[in-house]
Amino acid sequence: MEGEPLYTAAEMRAAEEAPEGSTLELMERAGSAAAEAALRAWPDARRVAVWCGTGANGGDGLVVARELHAAGRETVVRLLGSEEKVTGDAAESLRRAREAGVTFVDDQVPVDLVVDALFGTGFSGAPRRGAALWIEEMNATEAPVLAVDLPSGIDASTGEAAGPAVRAQRTVTFHGLKVGLAVAPGRFHAGEVEVADIGLAHTDTETRLVSEEVLELVPRRGPSDNKYSSGAVLVVGGSVGKTGAPSLTAEAALRAGAGIVTACVPRSLNVVFEQRLVEVMTLPCPDEAGFLTPGAADAVLDAAERADVVALGPGLGRTEGVRGLVGFLLDRVEKPVVLDADGLWALAGHLDWVFARDTPTVLTPHAGELGRLLGRRSEWVSARRLKAVGAGAAEVGATVLLKGADTLVAAPGRSMLVCDLGNPGLATAGTGDVLTGVVAAFLAKGMEPRLAA
């Protein structure tokens, strides 16, 4: 079970070309569905402007305009480009709109609702100057915006916005969700998203949207289980000022179902962990001024023999000694590893440490941490999340979970998973440490790394 399909432009085009029926009929269904959505969401909107491009998305918009006109709304169309550029099914929709008496205008007029039908799933790159000005003008309007299929300026296949992009209050998309509506920054431009059925068959896609049903895959404890068979997690972390991180990781692993958790922590700080952790066993390890040193390796390796998975990095600190310890452990630990926080810092410039491992490794970076691993700025990652997480998985040779409003999970040679079940309450210090513990617990229970992530 890997959730519902998320369509790229190419996958959507294939779905549209599969039926033997008329493509004009698909345009009619799409436009009618968008018009119905407008009437439901804004029943009091008397004046509506439909901004249409000259392609298929504009054709959908012309159907919207005709349907709203028939429903008694004062509807006007603004066409981006000359009518001579409108061809195919869109040209027929233009003819029908004219015949129905829809008004066409050249300039913006005061309205209660704007319908964005400039660009559809075929759009990529940055809009040309004229279109960019229209998008900026649309974003400056006081009226709410309904996007047809997806907000203009957003790449349907990636969620990227290479230039100005429409910010809609609502988006009506057809047949199935597009990748660009689920992945940032596109998801932040779409507003509320409604999927309209236009009679196409669903097909396999390379990217899937995870649903809550994924929780059914987490192994449950049975009557014969004990604390060892329920999964043993070893947490390696902690340093001066960062005792909370490994504590959160360890407690989260227990709450996610691990049967037994041990924390390898700096010896000089052990009293802190003894006081704050009740169910978690602590293992004091050699440190220097509150930071674990390579001398801790033997104790960690010995403890790892009794664990099912190792969570490495929460609150470890950033010293050369820590870097050496992380490299040594990744080389010697033969159990699955979840690498996070300062463990990711240590990995930068040494991706071969993970690539050479024979056992599963899961990385859980945020945009800044993934950018550091790839030699990029965090802004580059945030603008190209899908590309960045795929590149991370390929270059590190591991499962990579990119944190954010949309959690992206990539693994070499596997389909991409997108999870949008989070909420803004997760944007606080410590949630990443909790995530590490949860993933570690699921791995300890025997889950496949990508689904555990």
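The values are calculated or read from the model by the stated rules, or taken from the named source; none is laboratory data. These figures come from a predicted structure and were not determined experimentally. As a convention, Cβ positions derive from the backbone with ideal geometry for all residues, glycine included, and neighbour counts pool all protein chains shown. Remember, those area values only see protein heavy atoms, side chains included, never the ligands or the DNA or RNA. Shrake-Rupley method; radii C 1.70, N 1.55, O 1.52, S 1.80 Å.
Descriptive notes on the structure:
- Per-pair calculated FRET efficiency, R0 = 30 Å: A162 and D107 via Cβ, rounded to 0.05: 0.65
- Taking θ as phi - 60° and the Karplus parameters 6.51, -1.76 and 1.60, the scalar couplings of segment 280-294 work out to 9, 7, 10, 10, x, 10, x, 9, 9, 6, x, 10, 4, 10, x Hz in sequence order, x denoting glycine and proline.
- Per-q log10 I(q)/I(0), the chain, q = 0.07 Å⁻¹ (Debye; single scatterer per alpha-carbon; no solvent): -0.44
- Under 5 Å, built H, 5+ apart or other chain: amide partners of A311: L234, V235, V236, V338
- Pairwise label distance in nanometres, D44 with D204, each label 7 Å out on the Cα-Cβ vector: 5.0 nm
- Per DSSP, loop trypsin sites (Lys or Arg not before Pro) in segment 84-177 with at most 16 further Cβ within 10 Å: R128
- Loop-located GluC sites (Glu not before Pro) in segment 295-353, at most 16 other Cβ atoms within 10 Å (DSSP): E305, E334
- Between F328 and S415, residue separation times 0.36 nm minus the direct Cα-Cα distance comes to 28.2 nm.
- Antiparallel content of DSSP bridges confined to the chain, in %, to 5: 20 percent
- Additional length obtainable on full extension of the chain from D197 to K85, 0.36 nm per residue less Cα span: 37.4 nm
- Listed residue (A41, P127, S82) projecting farthest to the positive dipole end of segment 1-129, Cβ model: S82
- Coil-residue GluC sites (Glu not before Pro) of segment 160-238, DSSP, other Cβ within 10 Å capped at 15: E206
- The charge dipole of segment 1-134, taken about its Cα centre with unit charges on the Cβ of Lys, Arg, Asp and Glu (plus for the first two, minus for the last two), comes to roughly 540 debye.
- Evaluated at q = 0.18 Å⁻¹: base-10 log I(q)/I(0), Debye formula over Cα of segment 165-265: -0.88
- For segment 339-453, the alpha carbon positions stretch 37, 36, 27 Å along the principal axes, listed from largest to smallest.
- Additional length obtainable on full extension of the chain from A405 to R128, 0.36 nm per residue less Cα span: 96.8 nm
- V115 long-range amide H proximity, modeled H, under 5 Å: A49, V50, W51, L146
- Counting only heavy atoms of the protein chains and using a 1.4 Å probe, R357 has close to 30 Å² of accessible surface.
- Where both bridge residues fall in segment 219-341, DSSP classifies roughly 15% of the beta bridges as antiparallel.
- Efficiency of FRET from Cβ geometry, D298 and E142, R₀ 51 Å, rounded to 0.05: 0.15
- In order along segment 128-145, the Karplus-derived 3J(HN,Hα) couplings, from 6.51 cos²θ - 1.76 cosθ + 1.60 at θ = phi - 60°, round to 5, 3, x, 5, 4, 5, 4, 5, 5, 5, 5, 5, 8, 5, 7, 6, x, 10 Hz, and Gly and Pro are given as x.
- Under 17 Å from a label point set 7 Å out along the Cα-to-Cβ vector of R220, the amide N atoms of segment 251-292 belong to 256-258.
- Separation of alpha-carbon centers, segment 41-87 and segment 332-347, rounded to whole Å: 54 Å
- Paramagnetic reach from E448 in segment 199-238 [backbone N under 19 Å; point 7 Å along Cα→Cβ]: 204-220
- Table column - 3J(HN,Hα) (Hz), segment 204-211, Karplus curve with 6.51, -1.76, 1.60, x for Gly and Pro: 5, 10, 6, 10, 10, 9, 6, 10
- Under the simplified labelling scheme, the E99-E379 pair shows an inter-label distance of 5.2 nm, with each label point 7 Å from Cα along Cα→Cβ.
- Pairs spanning more than 20 Å between alpha-carbon atoms, out of K178/K387; K227/K445; K335/K403; K227/K335: K335/K403.
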